[in-house]
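Note sheet for the following structure.
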Amino acid sequence: MKTIKYIWWLIVLSFIGIFVYQNLDYFMTTAALKIDLKIASWNWAIPELQNIAYFGICFLLGIILASIRGFMKRLGLKKEIKTKDAAIASFKEKIIALKSELDVFQHDPYIKKELSIEQPEPAQPDYVQSEPVQPDYVQSEPVQPDFEQPDFVQPDYEQPDFVEPESDNKKDPKSGTGD
């Protein structure tokens, strides 16, 4: 895994190097940054630096800010761990104290009889059997409407004018003659 990480970083750094080399004219030009807040005495000018220096300064500031944030987070987590460890230690002390009290009661023959009589059986939880739930993807039988119910009203749709065809006997008067 280490070799893969080294190879990965080598590839990334080589791409960065190629990028800088191909744009060397831009990175080597100098520029001065000026800050003007439109107040006569509040004008500042940063001395001329190469553009690559500005990129480097911004990169280093980003690393510094990220490390400060990580350090502060680590301090907060260490404090939380200390409080949780203190709580665990107090719970362990309480467990030891309760065990010693229990040992005193268990070794006393009179109390031991009462403890054995008074100890109920461990309670079993009451489980309620629910109906099996069908998954959403299972389609149940479609429900067909009951057309014979008295409250069902057939919708009245407009029908186009429909002319019934005449019967065959009326159309062809010669068909019944036997010719």
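Observations
- Length gained on full extension, A31 to I95, computed as 0.36 nm times the residue gap minus the Cα-Cα distance: 16.0 nm.
- Computed extension length for N51-L75: 5.0 nm, one decimal, from 0.36 nm per residue of separation with the Cα-Cα distance subtracted.
- For L10 and I63, the FRET efficiency from 1/(1 + (r/R0)^6), where r spans their Cβ atoms and R0 equals 22 Å, is about 0.65.
- You can think of it this way: the chain between L24 and K2 has 4.7 nm of extra reach, that is 0.36 nm per residue less the Cα-Cα gap.
FYI, it's all coordinate maths here, none of it is from the lab. In this text, all values refer to a predicted model and were calculated from it rather than measured experimentally. Because the Cβ atoms are built from the backbone with ideal geometry, glycine has one as well, and the counts that use them run over all protein chains shown.
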